Structure formats: C-alpha cells, structure tokens
Amino acid sequence: MAGFFLLPLMAESGLSSAKVTNARIDPITSSMSHSIDSLRIDRWLYYSRFFKTRSRATAAVSGGHVKINDDRATPGCRIKRGDRIDLVRERILYSLEVLEIPTRRGPAAEAKASYREDEETVRKRDLQTAALKQDRLLTARTDGRPDKHTRRKLRERNRDL
C-alpha cells in the first residue's frame, strides 16, 4: 500500500523507470491488463465455464481428462489461440478449438465466444444424451428406495454398459 502513495512522488521527482507506470495490474494473472496471448489450461477451463471451480478443472487436467493438440495436458500447460482441446467431462467428449483467451470468468455468452466446438462431437454428444434419456425412461420405477429385485436388475444393467 505504501508503494501506491509513492508512485506520484517518484514520477514528479523524475525517478520514473519502466516499473513506475499508471497501468493497472490484474491480481489474478499478476500481469498488466493488456491482452493476454496464453493462459494456463485449468484457468481457461474455469473461465470458459466447463467447471464450476478451478480446483475441479485442475483435478480433471491432472486426471488425464484433457488433451491439448493430442498431448496429455498438465495443469500448468499454457494454451493459445488456435490450440485444439479434447476434454472428457462426465464421460462426454468435447472437442474444442480456442478462439480467444478470456480475461475473466464472465457470463456464459462471453465464455462461449472463447471457443468453437467440433460439429461431429456435438452430434455424437446429442445422440449420447438422447440414448441416456431413453435408457432412464425404460428403467423400472419404484416408490422411494429400490427393493432387492430392482437393485439386482439395476446392477446387472450397469455391468452390461
């Protein structure tokens, strides 16, 4: 806080250097507020709203669920415009191309503008979700907790998947 008050004094006394500027520093990225050319993959996934918390994004990257340009990613990997990201979230595949690097976790429309999805994977994902919905409709309904017979059927069905 003391440095904040000294900046105008240093500028007036002629002690200006490259470190003494009036630019704002972003506390999250610890860099100047100009455009960013790369960002950590865990932070990009959090900013682009694929995960609700950054720690979940880090866990997904550490668990091998994220690939950047067909190489397994680590949480510290940096991505830039044009990179291809393959992400598996809740057993569903997302194939993305980075269009821009977001500077914050903003609204959903802003997050959606930072990437483009592959149309093939969107179509496969839609088919997969439709099949899951159909499967849930065919599952035996019980009032409350399933009984012994229904539990056996559910266990048998889940083994077949």
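The values are calculated or read from the model by the stated rules, or taken from the named source; none is laboratory data. Quantities reported herein were computed from a predicted structural model and do not represent experimental measurements. All Cβ positions, glycine included, derive from the backbone under ideal geometry; neighbour counts span all protein chains shown.
Taking the numbered list (1) modelled with pLDDT of 95 or more; (2) closer than 25 Å to Leu132 by Cα; (3) not in a loop (DSSP other than H, G, I, E, B) in turn, Ala59 passes all entries but (2). In the range 92-103, of all residues being within 17 Å of Lys80 (Cβ to Cβ) and more than 12 Å from the chain's Cα centre (by Cα), the one that is surrounded by the most Cβ atoms within 10 Å (Cβ to Cβ) corresponds to Thr103.
Report, by residue number, each residue of the range 134-154 that is at pLDDT 80 or above, of a type in the set (D, E, K, R) and surrounded by fewer than 10 Cβ atoms within 10 Å (Cβ to Cβ). Outline the logic, then answer.
Step one: filter the range 134-154 for residues at pLDDT 80 or above, giving 134, 144-154.
Filter once more, so that each one left must be of a type in the set (D, E, K, R): 145, 147-148, 151-153.
Residues satisfying the conditions are Arg145, Lys148.
Here is the figure for the range 104-153: residues that are within 30 Å of Lys80 (Cβ to Cβ), of a type outside the set (Asp, Glu) and assigned to a loop (DSSP other than H, G, I, E, B) total 6.
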